[in-house]
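The values are calculated or read from the model by the stated rules, or taken from the named source; none is laboratory data. Quick caveat: nothing in here was measured; it's all calculated off a predicted structure. Glycine also receives a Cβ, built like all others from the backbone with ideal geometry; neighbour counts cover every protein chain displayed. With ligands, DNA and RNA removed, areas are computed over all heavy atoms of the protein, side chains included. Shrake-Rupley method; radii C 1.70, N 1.55, O 1.52, S 1.80 Å.
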Amino acid sequence: MSPLPGAELVRSSVQLYRYLLRCCRRLPRGPVRQHYRHAIRQSFKVHADEDDPERIQQIIKRAIEDADWVMNK
């Protein structure tokens with residue numbers, strides 16, 4: 001199960017970024033939500049220079065799996 005409908009449509013880093021921020025809206029307000037929003041922003045910055053399409057798809061797949069885990073815990 002995906003954290004939000006539409007996970008299968010995420011193909012680019014910008015789509016992933018928006019998708020993950022939408023997932024954060026479902027988290028409780030406060031420190032938990034702030035933590036994950038900050039982590040998403042930092043990861044986006046760290047991987048901003050990635051140019052290998054295969055690696056980008058791996059990162060997207062892993063991020064969606066991680067979001068699923070966080071939303072189900």
Dipole of the range 7-72, positive direction: furthest Cα of Q58, Y17, P31, with charges on the beta-carbon: P31
Accessible area per residue in Å² at 1.4 Å probe, computed on the chain: 76
Alpha-carbon centroid distance for the pair the range 3-19 / the range 49-72, whole angstrom: 10
Size of electric dipole in the chain: Cβ of Lys, Arg +1 and of Asp, Glu -1, about Cα centre, debye, nearest 20: 600
Label-zone membership for the range 48-63, site W69, 7 angstrom Cα→C-beta point, backbone N under 20 Å: 55-63
The chain: calculated mean residue ellipticity at 222 nm from DSSP helix runs of at least 4, using -39500 (n - 2.57): -22000 deg cm²/dmol
Mean Cβ neighbour count within 10 Å, used as a protection proxy, ranking 40-49, 62-71 highest first: 62-71, 40-49
